[in-house]
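None of the figures in this text is laboratory data; all of them are computed from the coordinates on show. Since the model is a prediction, treat every value here as computed from it, not as a measurement. When we count neighbours, we look across all protein chains shown, and the Cβ atoms used for this are built from the backbone with ideal geometry, even at glycine.
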Amino acid sequence: MNISALETQFFSAQKGYSQSRQALSAEIAKTGLTPEQWQVLRIIGSKGKADCRGIASETPILGPSISRILNKLEDRRLICWTIDSSDCRRKILSLTAAGKRLVASI
């Protein structure tokens, strides 16, 4: 394969990614979530349970921003947390029923 053909494939894939991202962003916006809030919800939903460190390891979102996002998601009753019985400083996050419905709807 020559360089021109590879460039064509690359730009075609990039355009498809951009269009998919725009469509997903539009769906997320309908829920009143930011893309970052959706990303955190998706991570928690895919794992079943997560902690802040686990979320931080899977996203480029900075720690203080993750804390703000979690507070907003908790205010909307989309997530809840429990204290880890083996480490009282660690919160274990999970989706509420409303959070699970929202994730399933997108």
### Query
Tell me, LEU102, LEU78 in order of fewest to most beta-carbon neighbours within 10 Å?
LEU102, LEU78
### Task
Mind telling me which of ALA56, ALA26, ALA13 comes out most flexible in a GNM of the chain, alpha-carbon contacts under 10 Å?
ALA13
### Gain on full stretching of the segment that runs from ARG77 to SER94 - 0.36 nm per residue minus C-alpha separation
5.0 nm
#### Entry: Helical mean residue ellipticity (222 nm; -39500 (n - 2.57) per DSSP H run of 4+; nearest 500) of the chain
-21500 deg cm²/dmol
## Note on the structure
One quarter of the C-alpha convex hull surface, i.e. the mean projected area of the range 44-93 in nm², amounts to 3.5
### Task
Provide SER65, SER18 in ascending order of the number of other Cβ atoms located within 10 Å of each residue's Cβ, fewest first.
SER18, SER65
### Query
Hey, how much of the P(r) for the chain falls beyond 24 Å, as a percent of Cα pairs?
35
